[in-house]
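Working notes for the structure below.
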Amino acid sequence: MLGSASDIVISEAYQKGICDFDVQFAYDNMKQIALASPPKGSAYSGRDNNDDCVKYGYCPADSMDEAVSRTLEFAWSDYSIALLAKQLGYQEDAQKFHEKSMQYKNVWNPETQFFHPRNANGEFVKDFKPLMLTYVDNKEKYTNDYVEGSAMQWRWAPLFDAPGLINLFESKDYFISELNDFFAKSDPEIGYWYPGSYYWHGNEPDIHAAYLFNYAGRPDLTQKWVRWILDNKYTNRYDGLDGNDDGATLSAWYIFSSLGFYPLAGTDIYLLGVPLFEKATIKIGSANLEIHTLNYAPENKYVKQVWLNGELLDRTWMKHDEISNGGMLKFEMSSTPEI
């Protein structure tokens, strides 16, 4: 919602072979917007107050609203710019923007184990309640630095650097435990006006969170919670979604996740999850990608093995060029998790 998320769209499109546009013009403008605040009076806000964000390496809480959310979203855009720069052969830019994207870590507080509002002098703000939700904090005493969510929900935002995020936690086991609790303590009901402080499928900051388990060596928990979302957070009632579909964001989440994989935005990577159907076919240009599910049954909610074009995958992801010409993706299911 903040900054220049079009960076992510443009970079991903180019990486996936959509190149019939003036990529140099786009890239030059992406760089300009990423490195400065927009001119006063400009029609498009760009990255508001970005001069301070660039100066300090994070967005200071005492010079702007939504500082933590801005830091995290700007970083994802910077990561995407770095990938596009690499594609275009600008190695120095690629390194520069990659390093800039890693500055999201500057608002991580090791003591609280959260992304915590931080002032320009380097001090973390004292008024901090990670479970306080923006919708009930009317005076924004605790949530002024977050957008439409709690610090708990924004805690899982940087999927683009999942290994780096995991390393910020005191241990990998602690990360897994906290992320699992994030889902276990969430509201199983749908469409309720108050979503609570834990996992909320109605807004973007955390809708990818179930796929983070893949990076922590627990794809079984990715499968468990993705299926839980598919089963519990979509209905055909008038209030059949947790929140606004936001340009079909939640619909796209359902379609991808039900097929068994999920795009890592701004990259050419898809994260493997759990398929919902016995068979599905996707048209990719003039080719077909067929998805088959072995041992298909309602009780078989865990993935035992995955094959891509006849090769057994020993990883929880695949790249776009591996499926861009079609092929066969095959899941073997089980009623018990592979741990």
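Residue count for the stretch 296-316, restricted to those that are loosely packed, with under 13 Cβ neighbours inside 10 Å and assigned to a loop (DSSP other than H, G, I, E, B): 6. When residues in the stretch 195-217 are screened for being assigned to a loop (DSSP other than H, G, I, E, B), open to solvent by 10 Å² or more (accessible area, probe 1.4 Å) and either farther than 21 Å from Phe114 by Cβ or among the small types (Gly, Ala, Ser) (or both), 3 of them pass. Take the conditions (1) basic (Lys, Arg); (2) open to solvent by 40 Å² or more (accessible area, probe 1.4 Å); (3) touching a Lys or Arg at 6+ places or on another chain (Cβ under 7 Å); Lys172 misses just one of them, which is (3). Looking for something closer than 25 Å to Phe169 by Cα, in contact with a Phe, Trp or Tyr (Cβ under 8 Å, 6 or more places away or on another chain) and in contact (Cβ under 8 Å) with a residue 24 or more places away in the chain - is there at least one such residue anywhere in the stretch 8-26? No - not one qualifying residue is present in the stretch 8-26. Which one is nearest to the chain's Cα centre (by Cα) among residues in the stretch 249-289 that are touching a residue at least 60 places away in the same chain (Cβ under 8 Å) and closer than 18 Å to Arg227 by Cβ? It comes out as Leu271. Could you give every pair whose Cβ atoms fall below 9 Å, whose first residue belongs to the stretch 165-182 and is farther than 15 Å from His208 by Cα and basic (Lys, Arg), and whose second residue is part of a helix (DSSP H, G or I) and open to solvent by less than 40 Å² (accessible area, probe 1.4 Å), counting only separations of at least 6 or pairs across chains? Sorted first by the residue in the stretch 165-182, then by its partner, the pairs are Lys172/Ile166; Lys172/Ala216. Pairing residues of the stretch 81-97 that are in contact (Cβ under 8 Å) with a residue 60 or more places away in the chain and farther than 16 Å from Gln32 by Cβ with residues that are open to solvent by 40 Å² or more (accessible area, probe 1.4 Å) and part of a helix (DSSP H, G or I), at Cβ distances under 7 Å and at least 6 apart in sequence or on separate chains, gives Gln87/Tyr14. For residues that are open to solvent by 10 Å² or more (accessible area, probe 1.4 Å) and in a helix (DSSP H, G or I), tally how many sit in the stretch 180-194. Counting residues in the stretch 180-194 that are open to solvent by 10 Å² or more (accessible area, probe 1.4 Å) and in a helix (DSSP H, G or I) gives 3. The residue of the stretch 1-45 that is surrounded by the fewest Cβ atoms within 10 Å (Cβ to Cβ), among those that are closer than 16 Å to Lys100 by Cα and among the polar types (S, T, N, Q), is Gln32. Count of the stretch 144-159 residues, restricted to those that are closer than 23 Å to Leu272 by Cα and either small (Gly, Ala, Ser) or open to solvent by 10 Å² or more (accessible area, probe 1.4 Å) (or both), is 1. Has the stretch 99-110 got at least one residue that is within 20 Å of the chain's Cα centre (by Cα) and assigned to a loop (DSSP other than H, G, I, E, B)? No, the conditions are met nowhere in the stretch 99-110.
Here's the yes/no breakdown for (1) farther than 21 Å from Ala157 by Cα; (2) open to solvent by less than 50 Å² (accessible area, probe 1.4 Å); (3) not hydroxyl-bearing (Ser, Thr, Tyr):
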site: Arg47; (1), (2), (3): no, yes, yes
site: Tyr58; (1), (2), (3): no, yes, no
site: Phe74; (1), (2), (3): no, yes, yes
site: Lys86; (1), (2), (3): yes, no, yes
site: Gln91; (1), (2), (3): yes, no, yes
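Within the bounds of the stretch 82-90, is there any residue that is basic (Lys, Arg) and either in a loop (DSSP other than H, G, I, E, B) or out of contact with any Gly (no Cβ under 7 Å at 6 or more places or on another chain) (or both)? Checked the stretch 82-90: at least one residue is basic (Lys, Arg) and either in a loop (DSSP other than H, G, I, E, B) or out of contact with any Gly (no Cβ under 7 Å at 6 or more places or on another chain) (or both).
Would you confirm, using the coordinates I've provided, whether Asn167 is within 22 Å of the chain's Cα centre (by Cα) and of a type in the set (S, T, N, Q)? Answer is yes for this residue. Total residues in the stretch 252-279 satisfying the condition of being out of contact with any helix residue (DSSP H, G or I) (no Cβ under 7 Å at 6 or more places or on another chain), in a loop (DSSP other than H, G, I, E, B) and surrounded by fewer than 23 Cβ atoms within 10 Å (Cβ to Cβ): the figure is 1.
The values are calculated or read from the model by the stated rules, or taken from the named source; none is laboratory data. Everything quoted here is computed from the prediction, not taken from an experiment. Cβ coordinates were reconstructed from backbone atoms using ideal geometry, including for glycine residues, and neighbour counts include every protein chain displayed. Each accessible area value is taken on the protein alone, full model and side chains, heavy atoms only, with ligands, DNA and RNA left out. Shrake-Rupley method; radii C 1.70, N 1.55, O 1.52, S 1.80 Å.
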